[in-house]
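Below is one structure, written out as structure tokens; comments come after it.
The values are calculated or read from the model by the stated rules, or taken from the named source; none is laboratory data. This structure is a prediction, so every number in the text was calculated from the model and none was measured. In this analysis, Cβ positions are derived from the backbone assuming ideal geometry, glycine residues included, and neighbour counts consider all displayed protein chains.
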């Protein structure tokens, strides 16, 4: 239950301790630079630290033959502890169960910017694979020397190198590593296997973290215990923008064992028991000056449009005026998408220990290296004196990137002289959450007499631009993005906003695919047929047809009253098309999604079952932003404090979900954790229209909104 | 003033000297060192803290310790017997019925409570039985599948 309380080794000590073994370090500057560019929509306003100068991935083959991969990525449910292990096992020719992954420890693992953007497999996977390929080359060389055979005669398989002509002549990896100390540093480019040679990659394997997680043994940040630790309850303002005016802690101080810490703007109640700290906290009297923004969840869109930044053209071709002239029917609509919370079931938590000039923080975070830098700055230590360790993370979805709880725990531990754990209450979690920004998309479009799109003019406000660009074969088009980051310019959003699973794309896809359906309806053409008629991209045509085949889609003039909807999108290099069947519960306005088919082309699939799991997760989670999730707020107050008012999908919502992984082994692995969530809002909106003839232009399509629209 | 409270925890007698008004969840997670039950909401909405009390699922974030006096409490840590996983635990693993895993202990305990009351539930009964357990990752289809598989494997016994 406790983390090891003996002093933790430094990286140098750690590497020295690996007396024997083969270590391979890989530096992948090019890939990291690519990741940095893709991170144009970085999840927070922080300054990105410089790219690492040493290395980005390393692996070790130990004297016991076990293989360990080290990565600054973290496991938050997406399953990369398994898929990265598969990549290593395959390239190195070892059984999967002899591979260990060490993740998210800033002392032991190479620098990493953070786990987001569906980039682990796309960008880190190749680094790990290159390291493994190099390690195998070293092993084969060593084996050639040990066995006195030419390298060409040797085969590596299941952790053993043997003579292909006389299999009894063999030596294990462990024996090869014994007593050795071999380090290799290489740049990207070691020759890795071709897809056809894979034996572990591409096969479904059970999650490797399963046993720990079903027994309760898996530790999360709030499960960490240290001798003498205190639990903190941190004072937070009642509203964003409020400032502390007066504070009376007298009554709280009466509780036995209570300590109050006030460190500038940070006020906290500390106790050896978390519930006692929380109870004493209620006795604190705090007065705040409230700002009074006048903004709430009803008037926010007017405000956002009023202060919107100018658009930057992200894509254009042809001539919109010419397109409008040729169009026989024109359409214009504004689509709204509400603020949405991340609500991982694990609230933000951290345990910090500050001893002299060294600090260790166990934190639930998606970016341990940023957390390290933030903690170091907050408590006045150099970054190398701070170690952040990320245990299992209980869901994050883009929301665990700000690390306020880690900084609080470290400041309080320093002030109290004892280890301190901070675990946010659910209300605190809602309050501090950097919500998915509310976004607006304005679309003008037109079709010609043949049902072909003649022009397309799309303005993305606050969506950050991801997924804003359309992919139909429309000769005259323009896409403008107003505000390319998710934080919005100062004075726009009344609280922090940031990345949320496939940031921006869900709203942009909702707008685009709703508009496409509107045109199909006006043209009297089946929505699938309309899309195929207007698409030239063979990958998209293929996924749409794959979804249609699985679904058993039969064409009909919309609205068909069958409650069927389709939508497609591109996200993180992956193509996705989905179809749904819905029904509207009469009188209640409740939309019940009965069945979903989702087809996805994500390039090489490392763990098919893992990929299907991510698709199902996207569909289920996506039903929330589609049907119920919306942050309620007024004058900087976040009115949602728990699941009673902020409704996330329940078991009773579960549709039958079928996933089709469209084979594309010519393409390297693409994103898997996010793409399928982008289509859910549009697919359900289109199905709702197909069922009722009514189109909703605002998410979520809550029962109240559906009732009002149907009335 | 601490109360003296005895109960059975995972098959063993336990004697506690704690304020009886404290919620079971925090006593489990601190004094008793069992962190399998999780805090998720504190208001019995999410089910991450679910344990069994006398065989029935209970939100331990709401239950006062004194109300567990003399009763049989089972947490996720109590399911594995002699290194052998409970059929539900095995089924959750075999069906990949988890992602981040944070809701998993509560999910399994709620499922066990459900099977205690209804050893051969239909798919719909499983979904209804877990309505008060939230999963944010979207592992729902696999959780339902795992529970049905475990029920079949347990042959109608709980």
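Does the stretch B:33-56 contain at least one residue that is touching a residue at least 12 places away in the same chain (Cβ under 8 Å), in contact with a strand residue (DSSP E or B) (Cβ under 9 Å, 6 or more places away or on another chain), facing chain A (nearest Cβ under 7 Å) and surrounded by fewer than 20 Cβ atoms within 10 Å (Cβ to Cβ)?
Yes, the stretch B:33-56 contains at least one residue that is touching a residue at least 12 places away in the same chain (Cβ under 8 Å), in contact with a strand residue (DSSP E or B) (Cβ under 9 Å, 6 or more places away or on another chain), facing chain A (nearest Cβ under 7 Å) and surrounded by fewer than 20 Cβ atoms within 10 Å (Cβ to Cβ).
Which is in the same structural domain as residue A:606 (by TED's automatic domain parsing) and surrounded by fewer than 20 Cβ atoms within 10 Å (Cβ to Cβ), of A:654, A:667, A:688?
Details: A:654 fails: surrounded by fewer than 20 Cβ atoms within 10 Å (Cβ to Cβ); A:688 fails: surrounded by fewer than 20 Cβ atoms within 10 Å (Cβ to Cβ).
Going through A:654, A:667, A:688 in turn, the sole match is A:667.
Out of (1) crowded, with 23+ Cβ neighbours inside 10 Å; (2) modelled with pLDDT under 95, what's the single condition that is false for residue B:102?
(2)
Identify all residues within the stretch A:601-630 that are touching a helix residue (DSSP H, G or I) at 6+ places or on another chain (Cβ under 8 Å) and surrounded by fewer than 22 Cβ atoms within 10 Å (Cβ to Cβ); write none if there are none.
A:604 - this is the single residue of the stretch A:601-630 that is touching a helix residue (DSSP H, G or I) at 6+ places or on another chain (Cβ under 8 Å) and surrounded by fewer than 22 Cβ atoms within 10 Å (Cβ to Cβ).
Take residue A:559 and decide whether it is at pLDDT 95 or above, crowded, with 19+ Cβ neighbours inside 10 Å, under 26 Å from residue A:664 (Cα atoms) and more than 30 Å from the chain's Cα centre (by Cα). Please lay out each step first, then the result.
Details: at pLDDT 95 or above: yes; crowded, with 19+ Cβ neighbours inside 10 Å: yes; under 26 Å from residue A:664 (Cα atoms): no; more than 30 Å from the chain's Cα centre (by Cα): yes.
So residue A:559 fails the test.
With the condition kept exactly as written, say whether any residue in the stretch A:583-597 is farther than 25 Å from residue A:710 by Cα, touching a helix residue (DSSP H, G or I) at 6+ places or on another chain (Cβ under 7 Å), modelled with pLDDT of 95 or more and assigned to a strand (DSSP E or B). Before you say what the answer is, go through the steps one by one.
Initial filter on the stretch A:583-597 (farther than 25 Å from residue A:710 by Cα): A:597.
Narrowing the set further to residues that are touching a helix residue (DSSP H, G or I) at 6+ places or on another chain (Cβ under 7 Å) leaves A:597.
From the residues that got through so far, the ones that are modelled with pLDDT of 95 or more too are A:597.
After this cut, where a residue has to be assigned to a strand (DSSP E or B) as well, the list is A:597.
Yes, the conditions are met somewhere in the stretch A:583-597.
Do the conditions hold for residue A:170, that is, is it part of a strand (DSSP E or B) and assigned by TED's automatic domain parsing to the domain that holds residue A:24?
Values: part of a strand (DSSP E or B): yes; assigned by TED's automatic domain parsing to the domain that holds residue A:24: yes.
Spelling it out, residue A:170 is indeed part of a strand (DSSP E or B) and assigned by TED's automatic domain parsing to the domain that holds residue A:24.
May I ask you to list pairs of residues, at least six apart or on different chains, whose Cβ atoms are under 6 Å apart, with the first in the stretch B:113-140 being more than 13 Å from chain A (Cβ to nearest Cβ) and the second being at pLDDT 95 or above?
Hits for this filter: B:113/B:52; B:113/B:56; B:113/B:57; B:115/B:151; B:116/B:55; B:120/B:151.
Can residue A:175 be described as out of contact with any strand residue (DSSP E or B) (no Cβ under 8 Å at 6 or more places or on another chain), part of a helix (DSSP H, G or I) and farther than 29 Å from residue A:670 by Cβ?
Values: out of contact with any strand residue (DSSP E or B) (no Cβ under 8 Å at 6 or more places or on another chain): yes; part of a helix (DSSP H, G or I): yes; farther than 29 Å from residue A:670 by Cβ: yes.
Criteria met by residue A:175.
Could you list all residues from the stretch A:630-666 that are without any contact (Cβ under 8 Å) to a residue 60 or more places away in the chain, within 9 Å of another protein chain (Cβ to nearest Cβ) and in a loop (DSSP other than H, G, I, E, B)?
Correct list: A:644, A:649, A:650, A:654.
Give me the residue from the stretch A:390-407 that is surrounded by fewer than 24 Cβ atoms within 10 Å (Cβ to Cβ) and touching a residue at least 40 places away in the same chain (Cβ under 8 Å) and, out of that set, nearest to residue A:267 (Cα to Cα). So that I can check it myself, show each step before the final result.
First, the residues of the stretch A:390-407 that are surrounded by fewer than 24 Cβ atoms within 10 Å (Cβ to Cβ): A:391, A:398, A:401, A:404, A:407.
Among the residues that remain, those that are also touching a residue at least 40 places away in the same chain (Cβ under 8 Å) are: A:391, A:398, A:401, A:404.
Details: A:391: 27, A:398: 27, A:401: 22, A:404: 14 Å.
Checking each candidate, the answer is A:404.
Can you pull out the residues in the stretch B:75-93 that are outside any loop (DSSP other than H, G, I, E, B), at the interface with chain A (Cβ under 7 Å from one of its Cβ atoms) and either modelled with pLDDT under 95 or within 15 Å of the chain's Cα centre (by Cα) (or both)?
Of the residues in the stretch B:75-93, the ones outside any loop (DSSP other than H, G, I, E, B) are B:76-78, B:81, B:84, B:87-93.
From what is left, the residues that are at the interface with chain A (Cβ under 7 Å from one of its Cβ atoms) are B:76-77, B:89, B:92-93.
If the condition is that a residue be outside any loop (DSSP other than H, G, I, E, B), at the interface with chain A (Cβ under 7 Å from one of its Cβ atoms) and either modelled with pLDDT under 95 or within 15 Å of the chain's Cα centre (by Cα) (or both), then B:76, B:77, B:89, B:92 are the ones that fit.
Can you name the condition, by its number, that residue B:72 falls short on among (1) touching a helix residue (DSSP H, G or I) at 6+ places or on another chain (Cβ under 8 Å); (2) more than 9 Å from chain A (Cβ to nearest Cβ)?
Here residue B:72 meets the rest and fails (1).
Here is a yes/no grid of residues against (1) modelled with pLDDT of 90 or more; (2) surrounded by 24 or more Cβ atoms within 10 Å (Cβ to Cβ):
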{"site": "A:93", "(1), (2)": "yes, no"}
{"site": "A:104", "(1), (2)": "yes, yes"}
{"site": "A:120", "(1), (2)": "no, yes"}
{"site": "A:130", "(1), (2)": "no, yes"}
{"site": "A:140", "(1), (2)": "yes, no"}
{"site": "A:152", "(1), (2)": "yes, no"}
{"site": "A:156", "(1), (2)": "yes, no"}
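Residue B:25: within 21 Å of residue A:343 (Cβ to Cβ) and either out of contact with any strand residue (DSSP E or B) (no Cβ under 7 Å at 6 or more places or on another chain) or free of Cβ contacts under 8 Å to residues at least 24 places away in the same chain (or both), yes or no?
Details: within 21 Å of residue A:343 (Cβ to Cβ): yes; either out of contact with any strand residue (DSSP E or B) (no Cβ under 7 Å at 6 or more places or on another chain) or free of Cβ contacts under 8 Å to residues at least 24 places away in the same chain (or both): yes.
So residue B:25 fits the description; yes.
Counting only residues that are surrounded by fewer than 23 Cβ atoms within 10 Å (Cβ to Cβ) and over 18 Å from residue A:356 (Cα atoms), how many does the stretch A:408-425 have?
From the stretch A:408-425, those surrounded by fewer than 23 Cβ atoms within 10 Å (Cβ to Cβ) are A:414-418, A:425; that's our starting set.
Checking which are over 18 Å from residue A:356 (Cα atoms) leaves us with A:425.
Qualifying residue count for the region: 1.
This table checks each residue for (1) in a loop (DSSP other than H, G, I, E, B); (2) over 26 Å from residue A:371 (Cα atoms); (3) modelled with pLDDT of 70 or more.
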{"position": "A:22", "(1), (2), (3)": "no, yes, yes"}
{"position": "A:25", "(1), (2), (3)": "no, no, yes"}
{"position": "A:30", "(1), (2), (3)": "no, no, no"}
{"position": "A:40", "(1), (2), (3)": "no, no, no"}
{"position": "A:44", "(1), (2), (3)": "yes, no, no"}
{"position": "A:64", "(1), (2), (3)": "yes, yes, yes"}
{"position": "A:69", "(1), (2), (3)": "no, no, yes"}
{"position": "A:110", "(1), (2), (3)": "yes, no, yes"}
{"position": "A:116", "(1), (2), (3)": "yes, no, yes"}
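Please give the strands (runs of 3 or more DSSP E) falling wholly within the stretch A:179-259 in which 1 or more residues are within 14 Å of another protein chain (Cβ to nearest Cβ). Spell out the reasoning first.
Values: elements: A:181-187, A:230-234, A:243-248.
Those strands (runs of 3 or more DSSP E) span A:230-234.
Any chance you could count how many residues in the stretch B:127-146 are within 15 Å of the chain's Cα centre (by Cα) and over 15 Å from residue B:52 (Cβ atoms)? Reasoning before the result, please.
Restricting attention to the stretch B:127-146, the residues satisfying the condition of being within 15 Å of the chain's Cα centre (by Cα) are B:129-135, B:143.
Applying the additional criterion that residues be over 15 Å from residue B:52 (Cβ atoms) yields B:131, B:134-135, B:143.
Qualifying residue count, the stretch B:127-146: 4.
Working carefully through the options A:400, A:414, find the one that is away from chain B (no Cβ under 14 Å) and modelled with pLDDT of 95 or more.
Values: A:400 fails: away from chain B (no Cβ under 14 Å).
Being away from chain B (no Cβ under 14 Å) and modelled with pLDDT of 95 or more holds for just one of A:400, A:414, which is A:414.
Got at least one residue in the stretch A:349-361 being within 14 Å of another protein chain (Cβ to nearest Cβ), more than 17 Å from residue A:112 (Cα to Cα) and in contact with a helix residue (DSSP H, G or I) (Cβ under 9 Å, 6 or more places away or on another chain)? Let's see the steps before the verdict.
The first filter runs over the stretch A:349-361 and keeps only residues within 14 Å of another protein chain (Cβ to nearest Cβ), leaving A:349, A:351.
Still in the running and more than 17 Å from residue A:112 (Cα to Cα): A:349, A:351.
Checking the rest, the ones that are also in contact with a helix residue (DSSP H, G or I) (Cβ under 9 Å, 6 or more places away or on another chain) come to A:349, A:351.
So far as the stretch A:349-361 goes, yes, one or more of its residues are within 14 Å of another protein chain (Cβ to nearest Cβ), more than 17 Å from residue A:112 (Cα to Cα) and in contact with a helix residue (DSSP H, G or I) (Cβ under 9 Å, 6 or more places away or on another chain).
Considering only the stretch A:186-201, state which residues are farther than 16 Å from residue A:141 by Cβ and either surrounded by 17 or more Cβ atoms within 10 Å (Cβ to Cβ) or modelled with pLDDT under 80 (or both).
The answer is A:187, A:188, A:189, A:192, A:193, A:194, A:195, A:198, A:200, A:201.
Test residue B:148 against the stated conditions and say whether it is touching a residue at least 24 places away in the same chain (Cβ under 8 Å), closer than 18 Å to residue A:215 by Cβ and either at the interface with chain A (Cβ under 9 Å from one of its Cβ atoms) or buried (at least 16 other Cβ atoms within 10 Å of the Cβ) (or both).
Values: touching a residue at least 24 places away in the same chain (Cβ under 8 Å): yes; closer than 18 Å to residue A:215 by Cβ: no; either at the interface with chain A (Cβ under 9 Å from one of its Cβ atoms) or buried (at least 16 other Cβ atoms within 10 Å of the Cβ) (or both): yes.
In short, no.
Given the conditions (1) farther than 30 Å from residue A:641 by Cα; (2) in contact with a helix residue (DSSP H, G or I) (Cβ under 6 Å, 6 or more places away or on another chain); (3) at pLDDT 95 or above, report the number of the one that residue A:228 does not fulfil.
Here residue A:228 meets the rest and fails (2).
Hey, among A:375, A:388, which residue is farther than 30 Å from residue A:699 by Cα, assigned to a strand (DSSP E or B), away from chain B (no Cβ under 12 Å) and touching a helix residue (DSSP H, G or I) at 6+ places or on another chain (Cβ under 9 Å)?
Checking each option against the conditions leaves just A:388.
How many residues does the stretch A:205-254 hold that are touching a strand residue (DSSP E or B) at 6+ places or on another chain (Cβ under 6 Å) and within 24 Å of residue B:95 (Cβ to Cβ)?
Residues that pass the stated criteria total 2.
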